[in-house]
Amino acid sequence: MNPRHSLLAAFALGAASILHANAAASGDLLIQNVTIVTPERSAPVSAQHVLIRGGRIAQISAQPIAADKDVARLDGRGRFLTPGIVDSHVHLSEAPGVPRGDFPDLRPLQEAYLRQQPRSYLYFGVTLVLDPVGFPSAIEFFEAQPLHPDVMTCTALPALDGYPALFVPQAFRYEVFPHYVYEPKNAQEHPLPEGANAAEHAPAALVNRLAADGTRCVKVFVEDGFGAANDWPMLSLETLRALRTATRERGLLMIAHANALDMQRKALAVGVDVIAHGLWNWGEADGQPDVPDEIAQHLRAVHAARIGFQPTIRVLAGMADLFRHDTLRDPMYKKVVPPALLEWYATEDGGWFREELRRDMGGAPDVKIAHILLKQSEQGMRAAKYLHDLGHPLLLGSDTPSSPTYGNQPGYDTYREMRFMAQAGIPLDAIFRAATINNARQFNLEKDYGTVAVGKIANLLLLEANPLETVRAWSMIDKIVLRGEVIERETLAAK
């Protein structure tokens, strides 16, 4: 497959990596007679009262809480109160299905999408997102919208001329990805740009500089090519280990892009904190039933090393959606996609990426292409279920949009990732933890996020159904509470 448009940066990448949040604290709120469902408890707790002050949970009580008359009240009878969802893998600079480049006619569509994007995440209960590439201009635009989830970002450290920087024209490649890592073993074919200093792009120097600027995490790319490609510049194990040593010394998390067995083995050997993709490319084991021994052995090693793991099951399924003729008739698309963009998707120009995939697949029939993608995706489902069965705490990350397919839409794909996890046989309580407390713990945010508890930021969901009984509960949202502000769900729908 040709992924040349995937992860292309429309915004310049900066060094700062901080947690962003709504600046203004909301007024006090009292939620009454609600059933609390929180991941650290084995069962719901009914008839609870929750007082929110200054955007945080101030009190939880089984007895009615006395409050001033001017405190807003929310009747929670018949409803379930949960933490907001954390999606730990999104790309806020990407408009799904829209090609990169200078296309003036498409700018209004891109802007309409970017304005709606934060509302679409909130529509599906996502109140905190992690963008592991974190282009500052995209983050600033996202946060400039009246309502938006909280945001955490990382800094990308690609190999010089490696993925994903290799898809950016060289004239401004190093402006988009200024924190590239110099790899001495690639020096002959990929020398430093004119005027660049090798010492400044060595692992320790880069990490020290980023840590001083406030970066909380970095992302490396263990990727030598998609499909038949396997010749992209990569960081050597020695350089990756040097990065790992530096990040540990400075207290930074290290996330690795890797979705194939050989690439994940390298990430495992280095001891990264998080593998940011599921394992759906099994190499020579592709097509084997169940979980072959070599895949099982690798997954057991991931579990033993306690490496965070994002299944990202929707990545290939989102591409397969391009070959389903009913995709754009999905009524949920009208909730999360601006109308003009949704209309454009249905045009010949809007199907450009589908045409690319058809060519890359040798002109195979659409049904066969979809089957190939879904069969590969199903391997990732089996791997995720195997890890869960080992007792591994999975992380919810949708990788929206994972490629330039309109099959990946903000918020909706987070929900569909949870649906796919359920279809893989992962229990509902494990999915709940993946979407809340596991992400909060993995990214050192447990003080503020992940549970319904006193002192936590009041990012909460009021659901019409119990998420421990049906995964559909995550689409049955009555209201979103964002830092104490009550939002009616339908006010967030695309207009």
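Here are the numbers:
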quantity: Qualifying residue in the stretch 226-240 (condition: of a type in the set (D, E, K, R), in a helix (DSSP H, G or I), farther than 30 Å from R358 by Cβ and in contact with a helix residue (DSSP H, G or I) (Cβ under 6 Å, 6 or more places away or on another chain)); calculated: no
quantity: Filtered residues of the stretch 136-169 (kept if part of a strand (DSSP E or B) and within 27 Å of I487 (Cα to Cα)); calculated: D150, V151, M152, T153
quantity: Residue satisfying all of: in the stretch 366-394; of a type in the set (G, A, S) and out of contact with any Ser or Thr (no Cβ under 8 Å at 6 or more places or on another chain); nearest to G425 (Cα to Cα) among these; calculated: A384
quantity: Residue check for A229: buried (at least 23 other Cβ atoms within 10 Å of the Cβ) and small (G, A, S); calculated: no
quantity: Positions within the stretch 266-284 being assigned to a helix (DSSP H, G or I) and under 17 Å from N230 (Cβ atoms), in sequence order; calculated: K266, A267, G283, E284
quantity: Every residue from the stretch 329-362 that is under 22 Å from G411 (Cα atoms), of a type in the set (A, V, I, L, M) and in a helix (DSSP H, G or I); calculated: V336, A340, L341, L342
quantity: Any hit, the stretch 149-156, residues being touching a residue at least 24 places away in the same chain (Cβ under 8 Å) and farther than 26 Å from T312 by Cβ; calculated: no
quantity: The lone exception for V133 - which of (1) under 30 Å from T436 (Cβ atoms); (2) in a loop (DSSP other than H, G, I, E, B); (3) touching a helix residue (DSSP H, G or I) at 6+ places or on another chain (Cβ under 6 Å) it fails; calculated: (3)
quantity: Residue check for N33: over 30 Å from Q110 (Cβ atoms) and either under 25 Å from the mean Cα position of the chain (by Cα) or modelled with pLDDT of 95 or more (or both); calculated: yes
quantity: Count of residues meeting criterion [under 17 Å from S403 (Cα atoms) and either in a loop (DSSP other than H, G, I, E, B) or not hydrophobic (A, V, I, L, M, F, W, C) (or both)] in the stretch 285-328; calculated: 9
quantity: Unique match (being under 17 Å from A258 (Cα atoms), touching an Asp or Glu at 6+ places or on another chain (Cβ under 8 Å) and touching a residue at least 24 places away in the same chain (Cβ under 8 Å)) among L240, L235, L206; calculated: L235
quantity: Positions within the stretch 186-213 being surrounded by 12 or more Cβ atoms within 10 Å (Cβ to Cβ) and assigned to a loop (DSSP other than H, G, I, E, B), in sequence order; calculated: A187, H190, P191, L192, P193, A196, A202, D213
quantity: Every residue from the stretch 82-95 that is farther than 16 Å from F443 by Cα and either under 14 Å from the mean Cα position of the chain (by Cα) or among the basic types (K, R) (or both); calculated: H91, L92, S93, E94
quantity: Residue among T245, T312 that alone is of a type in the set (S, T, Y) and under 19 Å from H392 (Cα atoms); calculated: T312
quantity: Close pairs (8 angstrom Cβ cut-off, 6 or more residues apart or separate chains): within 17 Å of A346 (Cα to Cα) in the stretch 97-121, surrounded by 23 or more Cβ atoms within 10 Å (Cβ to Cβ) and polar (S, T, N, Q) anywhere; calculated: G97/T405
quantity: Output for the stretch 385-441, where each listed residue is within 16 Å of the chain's Cα centre (by Cα), of a type in the set (F, W, Y) and closer than 22 Å to V302 by Cβ; calculated: F420, F432
quantity: Per-region count, the stretch 58-83, residues under 16 Å from G455 (Cβ atoms), surrounded by 18 or more Cβ atoms within 10 Å (Cβ to Cβ) and not aliphatic (A, V, I, L, M); calculated: 1
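Let's see how each residue does on (1) more than 22 Å from L390 (Cβ to Cβ); (2) free of Cβ contacts under 8 Å to residues at least 12 places away in the same chain; (3) in contact with a Gly (Cβ under 8 Å, 6 or more places away or on another chain):
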{"residue": "M421", "(1), (2), (3)": "no, no, no"}
{"residue": "G425", "(1), (2), (3)": "no, no, no"}
{"residue": "L445", "(1), (2), (3)": "yes, no, no"}
{"residue": "T470", "(1), (2), (3)": "yes, no, no"}
{"residue": "E488", "(1), (2), (3)": "yes, yes, no"}
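A quick yes/no check of all residues on (1) in contact (Cβ under 8 Å) with a residue 60 or more places away in the chain; (2) touching a Phe, Trp or Tyr at 6+ places or on another chain (Cβ under 8 Å); (3) hydrophobic (A, V, I, L, M, F, W, C):
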{"position": "T247", "(1), (2), (3)": "no, no, no"}
{"position": "Q264", "(1), (2), (3)": "no, no, no"}
{"position": "V270", "(1), (2), (3)": "no, no, yes"}
{"position": "I275", "(1), (2), (3)": "no, yes, yes"}
{"position": "N281", "(1), (2), (3)": "yes, no, no"}
{"position": "I307", "(1), (2), (3)": "no, no, yes"}
{"position": "Q310", "(1), (2), (3)": "yes, no, no"}
{"position": "H325", "(1), (2), (3)": "no, no, no"}
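So that you can scan it fast, the table gives a plain yes or no per residue for (1) out of contact with any helix residue (DSSP H, G or I) (no Cβ under 8 Å at 6 or more places or on another chain); (2) surrounded by 15 or more Cβ atoms within 10 Å (Cβ to Cβ):
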{"site": "R56", "(1), (2)": "yes, yes"}
{"site": "R100", "(1), (2)": "yes, yes"}
{"site": "R107", "(1), (2)": "yes, no"}
{"site": "L122", "(1), (2)": "no, yes"}
{"site": "L147", "(1), (2)": "no, yes"}
{"site": "V151", "(1), (2)": "no, yes"}
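The values are calculated or read from the model by the stated rules, or taken from the named source; none is laboratory data. Values in this document were obtained by computation on a predicted structure and should not be read as measured data. Cβ sites come from the backbone with ideal geometry, for glycine too, and all protein chains shown count toward neighbours.
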